[in-house]
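A short write-up of the structure that comes next.
The values are calculated or read from the model by the stated rules, or taken from the named source; none is laboratory data. None of the values given here were measured: they were computed from a predicted structure. Because the Cβ atoms are built from the backbone with ideal geometry, glycine has one as well, and the counts that use them run over all protein chains shown.
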Amino acid sequence: MLDRCTMDLHCYSHFLVHSLLKELKGNLIIFFADIISALLIRATGHTLQMAYRQSLNSLDIVDLLKSSDSLSSGDVAALVYLWNPFTIAACVGLSTSPVENLVVILALHGACKGLVPLAAFGWVMATHLSLYPAILITPVILLLGYGPDTPPRKLFLQKGYGKNGDNHSSDNCGQQETNHSKAEVTFSWRPVIHFLFWSSLWSTYVLVLCSISVKPHGSLWEMFQRTYGFILTVEDMSPNIGVLWYFFAEVFDFFRSFFMIVFHLNILFMILPLAIRLKHRPCFLAFIYIAISSMLKSYPSVGDSALYLGLLGLFLDELADMQFSFFLLCGYIGVSLLSPVMHNLWIWRGTGNANFYYATGMAYACLQIILVVESVSAVLNHDRKLRKLSVTKLRDGNS
Amino acid sequence: MELPSRLVFLLFLLLSSTKAFGSEVDKEEFQEELLLKPLPDRKVLAHFHFETRAPPCNSNGRHHHHLFPKSISQMLEKFRVKEMELSFTQGRWNYERWGGFDTMSSNNAKPPGVELWAVFDVPKEQVDASWKNLTHTLSGIFCASINFLESSSMYSAPDWSFRQASGSLRYGMLPREAVCTENLTPWLKLLPCRDKAGISSLMDRPSIYTSLYYSQRLHLTSIASDLEGLNSGIALEQTLTVVLHPSSQRTGLTHFSQSYLQPSWSLSSIFGRKVNGRCVLAKSSKVYLQLERGLVSQLKKSENYGADYIASEGYDGEANFELSVNPDRVIKEENSRNGISSSLLYEFSVDKYSNSKPFDLGLTWKFPVIWSCQQAPLHASRFLMGSGNERGAIAILLKSTDLNDSSPVANSDMDGCELRVNIFQVVPWYIRVYYHSLQLFVDDQLKAVGAFVEKIHVMPSKDKISPGMMEMVLKLPCGVKSAALTLDFDKGFLHIDEYPPDANQGFDIPSAAIGFPDFHTSMLFPSNESERKSPMLSKFQESSPVLLYTEVLLVPLTTPDFSMPYNVITITCTVFALYFGSLLNVLRQRVGEKERLLKSKAAAKTSRLSDLLSRLSAKLRGRSQEPMQSPSESSPLINSKLALKVLLMAALAVAWQYYFG
C-alpha cells in the first residue's frame, strides 16, 4: 500500500515537474524576470539593512540590533518572493505580472542605490505597463531625496541637540556624528531633479516608440484609450480576485461613473497622508502603495500580491511585532484554497453561485486591508519604540 | 347659366382625373400566386408569392399610389434604400429532406428569427444613420423588435461574402425574435386585398402557425428610372413559405399499406379554407403545383414498371396521383441537361372561381412513391464544443452529401476541380472569438489553413461596440468527404442589465451563411409566353447562387446573481470604508496619544465625579482654577476649528446650491 502511494506520488511529482519545466521552457522571459526580481529584492534588502544598522548605530540603540542579527532581511524577502505560491502560479500561468513586478522592483532598487537613470527607467516602464505604479513617484523621490529608510528625523535632531547641549567642548567624534545626522535630515534636490529629467527623457522615448509602432493602426490617443482607458473604466467584468468586477456588473448604470471616480480616488486619497506620516521610510511607503494599488486596482491578479508579499520580507525588523500575523497567514492560505474551488463551482460546474466567489474576493480584500493597516501601525509603533529607547538613552546619558 | 358651366367644369375635372387614374392603374400592378409542392417526407410546401410593382417616382416628389403600400414607398424614398430584405422565420428549413439545391431553398430558406439586410444608395458615411432609421421604421411597421438592430453591436457590414455590395450593405439578425400573428397582420396590410379575398384568404392563422417551418419575407427593390426602362420602379415582393404536415385522408385504396402511401391533401384539408375567387385588384391570380425533378423521374419509372395495372386517367400519363381540379396548363421545365427528367408545373387560374364555386385543389396519391430532393454540394452544420462557462469552441462542419455523381455537381465540376465555399459568420461581442485559433480539418486531418483558404476577412469584435465578423472563401478539393472549421472563444461577462429576461436559457449566436458561388440554381421555362409570365416563375428563372444557413447556436453564459445589486453595493462600500477609516485612524494617532488615552481612562474611572465637581466649581468661580488637563485646554480650540469647518461646509453647500441647483 505504502509502496503504491509513494509510486503514485513519485509519478505525480515527476509529471508535475515535467509539465512545469515544459511550461517554463517556452517562457524564459517570465522565468528570468522572476529570478532577476528576486536578486534585486535581495540587493535592496541589503542596502536597507545597512542603512537601518547605520542609523541605529548613530542613535546608539545597539541592543535592538542584537536580536535581529541572525536574519538578513534581503535574503528572506528574496526567498519569500521566489517560493511564494502566488509567484509560482503567476509564472506557470504565463501572466505578464512578473515583468511588471520586475520593473517596479527595478525602480525601487535604483532609487535605493541612488542610480537615478535606472530608477527613472523602472518608474516609467512600470507606469507604461500597468499605470498604477505611477503613484510610486512619491516614494521614489523621497528615497532619492532622503536616502533609504531611517527612524524619524526628529530623533537625530534631538540626539544632536542633546549632545550639543550636553558637552559644548566635545571631542571630534561627536561633532562628526551630529554633522552626519544633520546632513541626512536635509532633502537633497539634486538627485530629484536628475530623476525628473531622466524620467521625462525615458517617457518621451517610450512615447516615441509607441507612436511609431501604433502609427499604421491609429493614433497615440487611441492607444491610451484602449490601454489606460480600459484600466480606468472597468469595462471587462470577467471575474478576478478583486472586488470591482462584481460591483460594476451589478451596479446601476447611472451610478457607474460616480463609483468609478470614488474607487479610483480611494487610491489617490491615501497618498498624501501616508507620505506625510511615513516620509522617513520611503521604501516602506512604496510597499504600502503597492499593496493598496494591488488591492484596489481594477483587474488585480495574484502576481500583484506576490510582489507586495515579497517586499513585506524587507521590513522584517520593523514588522517584528506586528499584530494578527498568524491570522493573516491562515487567511491567505484559506482564501487561496477556497477561491479556486468557488470559481470552479460557479464557472465550470454551474452548481455554485457568483456570490460564493465574490465572498472569497471580499475576504481577500479584507485580509489585504488588515495587512496594510497592521503593517502601518506596526511601523509607527516601531518608530515610537525607537524614540522611547533613544529618549531613555539620552536621559541616561544626561544623568 | 353659372350652374351648368360649373357642372361642365366639374365633369371635365372628373373625366381628366379618371383618365389619369386609369393610366396609373395600368402601371401599378399586383399579382398573387401560390405554389404547392409535395415534399419527400410526406409534407407539403406552400409558397405564397405576392408582388406589387410601382412605376418610378415622379421628379416632383409626392406620388400617389393606388396599390402600392404608402408606408413602404415613403420609407424607401426617405432612407434611399436600394434593396432590402426582411424575413421573419420560425422553425428551421430541413436541407436534407426539403432540398438544398433549388431556387426555393436558396431564396426562401431563412435563418430562424428575424433577418434584415439592406443596401443603401447614400454616401458611405451616412449608411449607418440610414440603417438606424430604417430599423426603427420597420420595427414600427411590423410590430417587431427590429429596433434592437439599431445598436452597432448587432449589425455588421459584410464586404463580399454575403452579397456583392461594397460598403453600403448592412446585415443584422435577431435569432430569438418570436414570430407570431402580430407580425403577419401588418405584413398582410401591405397587400391590396389583405386576407379578405384572393389567395391570401387561405392564410388561416392556426394552420400556418402550427406548421413545421414558417417564413414570411419582404423583399424590396428599387431601381433608378434612369438606369432601366419605365416599367421598372419599386418592386415589393412578399412571400410566405410554410411547410405543412397534411393529416392523411382516408382513401378508397386499401391494397397498399397506408404507411408507404404519401398523404393525400387538399387546400381545405391543409389550410381549412378554400379560395373564393381572386382578389379583384390583382392582375393575375394563379396557383401552381410543382412536381420536382426527383419525383417526376420516379413517377416515370414506376409508370414503366407497373404499367399493366395503372388505369391511365391522369394527365400526361401520370397515373400515380389524381388532381381534383383540371389544370389550365402544364409547364414543363426546359432542362438543358440530358438524361434528367425535368420538373413539372401544373397551373391553375383562380379567375374563374367564385364564392359559389370555391377553388379547392386536392391531390390524391394512388401508389406509393419515394423520391429524394436535390442536395447542395455540402451539407453544413454548426455546433459548440467544450464545457463550462469560461471558454468553448465553435465548429462548422461541412459534409459531403454523397451526391457527387448526381447531375448538378457532376455538371459544374471540372476535372481536377475545386469546390469553393463562402462562409459568412457574425458572432456577438460577448462571444470573444480568437480568430488566430482557426483550425481546419479536411477529411478528419488537421491541415494548414493557408492551403485551403482563398480569401479571408475578419473583423474582431469590440466590446459593446461591434460584433465579430468572419468572411471566408474556402477552396476544397471536389472529392472531399468532410471539412471542419473550429474557432476557440472566451465567454464574456455582461452587466446585469444586458442579460435578457431569462438569462439562464443562454444566448443565441445567429446562423452562419454558407454559400457555394460556383453553383447556381435556376429553372428554365419555355420562353414563348413571356407576356404571360408570372413574377414567381421569373424569379425562379433568375440564376441565384446556392445558399444555406446553419443552425442557431445556444451558448449558456455565466450569470451573476440578479437579486444582489443592493447587497453588493453595500458590502463593497463597507469594505472600502473599512479600509479608508482604519488606515486613517492608524495614521492619525499621535506618538504619545495611546498612553495618554489609557491614563486618562484610568483617571476617569477613579475620580470622574470629583473631576466633574472641580470643573463645576471652577466655572462658578470664573476660571480662577488653573486647568489641570491638557485636553480641557484644547477643547475650545477644537470647537472653534469645528465651527470653522461647519461654516466652510455650509458656504460650500450654499455655493453649490446657487450655481448648480
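Report every pair of residues separated by at least 6 positions or lying on different chains whose Cβ atoms are under 6 Å apart, first residue within segment A:131-159 and over 13 Å from A:Ser58 (Cα atoms), second of a type in the set (Gly, Ala, Ser) and in a loop (DSSP other than H, G, I, E, B). From segment A:131-159, the pairs are A:Gly145/A:Ser188. Screening A:Leu311, A:Leu307, A:Leu337 for residues that are away from chain B (no Cβ under 14 Å), of a type outside the set (Asp, Glu), surrounded by fewer than 18 Cβ atoms within 10 Å (Cβ to Cβ) and assigned to a helix (DSSP H, G or I) leaves exactly one candidate, A:Leu337. Quickly run through segment B:497-512 and pick out the residues that are buried (at least 22 other Cβ atoms within 10 Å of the Cβ) and of a type in the set (A, V, I, L, M, F, W, C). Within segment B:497-512, B:Ile509, B:Ala512 qualify. Taking the numbered list (1) surrounded by fewer than 17 Cβ atoms within 10 Å (Cβ to Cβ); (2) within 25 Å of A:Arg153 (Cβ to Cβ); (3) more than 26 Å from the chain's Cα centre (by Cα) in turn, A:Gly350 passes all entries but (2). Note on segment B:547-566: residues that are more than 14 Å from chain A (Cβ to nearest Cβ) and either of a type outside the set (S, T, N, Q) or not in a loop (DSSP other than H, G, I, E, B) (or both) amount to 7.
In segment B:455-483, which residues are outside any strand (DSSP E or B) and crowded, with 18+ Cβ neighbours inside 10 Å? Within segment B:455-483, B:Ser461, B:Pro467, B:Val480 qualify. B:Phe441 meets each of the listed conditions (1) under 30 Å from B:Glu150 (Cβ atoms); (2) more than 14 Å from chain A (Cβ to nearest Cβ); (3) assigned to a strand (DSSP E or B) apart from (1).
Evaluated against (1) within 11 Å of chain B (Cβ to nearest Cβ); (2) exposed (fewer than 15 other Cβ atoms within 10 Å of the Cβ); (3) in contact with a helix residue (DSSP H, G or I) (Cβ under 8 Å, 6 or more places away or on another chain), A:Arg387 falls short on exactly one condition, (2).
Here B:Pro526 does not qualify as out of contact with any Pro (no Cβ under 9 Å at 6 or more places or on another chain), away from chain A (no Cβ under 14 Å) and closer than 16 Å to B:Pro175 by Cβ. If you check B:Gly515 against the conditions, is it surrounded by 15 or more Cβ atoms within 10 Å (Cβ to Cβ) and either more than 10 Å from chain A (Cβ to nearest Cβ) or not in a helix (DSSP H, G or I) (or both)? Spelling it out, B:Gly515 is indeed surrounded by 15 or more Cβ atoms within 10 Å (Cβ to Cβ) and either more than 10 Å from chain A (Cβ to nearest Cβ) or not in a helix (DSSP H, G or I) (or both). Consider segment B:280-306 and keep the residues that are in a loop (DSSP other than H, G, I, E, B) and either out of contact with any strand residue (DSSP E or B) (no Cβ under 6 Å at 6 or more places or on another chain) or modelled with pLDDT under 85 (or both). The one that is surrounded by the most Cβ atoms within 10 Å (Cβ to Cβ) is B:Glu292. Looking at the structure I just gave you, is A:Gly242 small (Gly, Ala, Ser) and closer than 20 Å to B:Leu583 by Cβ? So A:Gly242 fits the description; yes. Residue selection: A:Asp75 fails the criterion of being of a type in the set (D, E, K, R) and buried (at least 23 other Cβ atoms within 10 Å of the Cβ).
Per the listing A:Ala359, A:Ala365, A:Ala320, the residue uniquely in a helix (DSSP H, G or I), small (Gly, Ala, Ser) and either away from chain B (no Cβ under 13 Å) or within 23 Å of the chain's Cα centre (by Cα) (or both) is A:Ala365. Going by the conditions given, is A:Thr233 of a type in the set (S, T, N, Q) and surrounded by 13 or more Cβ atoms within 10 Å (Cβ to Cβ)? Yes: the conditions hold for A:Thr233. Annotation: of all residues in segment B:54-108 being under 30 Å from B:Ser400 (Cβ atoms) and β-branched (Val, Ile, Thr), the one that is modelled with the highest pLDDT is B:Thr89. Could you check, for segment A:213-227, whether at least one of its residues is within 14 Å of chain B (Cβ to nearest Cβ), in contact with a Phe, Trp or Tyr (Cβ under 9 Å, 6 or more places away or on another chain) and surrounded by fewer than 14 Cβ atoms within 10 Å (Cβ to Cβ)? Taking every residue of segment A:213-227 in turn, none turns out to be within 14 Å of chain B (Cβ to nearest Cβ), in contact with a Phe, Trp or Tyr (Cβ under 9 Å, 6 or more places away or on another chain) and surrounded by fewer than 14 Cβ atoms within 10 Å (Cβ to Cβ). Tally the residues that are without any contact (Cβ under 8 Å) to a residue 40 or more places away in the chain, farther than 30 Å from A:Leu380 by Cα and surrounded by 13 or more Cβ atoms within 10 Å (Cβ to Cβ), restricting the search to segment B:552-596. Within segment B:552-596, residues that are without any contact (Cβ under 8 Å) to a residue 40 or more places away in the chain, farther than 30 Å from A:Leu380 by Cα and surrounded by 13 or more Cβ atoms within 10 Å (Cβ to Cβ) number 5. Restricting attention to segment A:197-253, the residues that are among the hydrophobic types (A, V, I, L, M, F, W, C), in contact (Cβ under 8 Å) with a residue 40 or more places away in the chain and assigned to a loop (DSSP other than H, G, I, E, B) total 3.
Among the residues in segment B:179-188, are any closer than 27 Å to B:Asn422 by Cα and touching a strand residue (DSSP E or B) at 6+ places or on another chain (Cβ under 7 Å)? No, segment B:179-188 contains no residue that is closer than 27 Å to B:Asn422 by Cα and touching a strand residue (DSSP E or B) at 6+ places or on another chain (Cβ under 7 Å).
Determine whether segment A:371-384 contains at least one residue that is within 14 Å of chain B (Cβ to nearest Cβ), part of a helix (DSSP H, G or I) and hydroxyl-bearing (Ser, Thr, Tyr).
The answer is yes, given that some residue of segment A:371-384 is within 14 Å of chain B (Cβ to nearest Cβ), part of a helix (DSSP H, G or I) and hydroxyl-bearing (Ser, Thr, Tyr).
Screening segment A:258-267 for residues that are surrounded by 13 or more Cβ atoms within 10 Å (Cβ to Cβ) and more than 10 Å from every other protein chain (Cβ to nearest Cβ) and picking the one that is nearest to the chain's Cα centre (by Cα) gives A:Ile267. Of all residues in segment B:484-512, how many are part of a strand (DSSP E or B) and either within 14 Å of chain A (Cβ to nearest Cβ) or touching a helix residue (DSSP H, G or I) at 6+ places or on another chain (Cβ under 8 Å) (or both)? The total comes to 3. Within segment A:284-296, at least one residue is closer than 30 Å to B:Asn389 by Cβ and not small (Gly, Ala, Ser).
Residues of segment B:434-462 that are farther than 26 Å from B:Val546 by Cβ and among the hydrophobic types (A, V, I, L, M, F, W, C): B:Leu446, B:Ala448.
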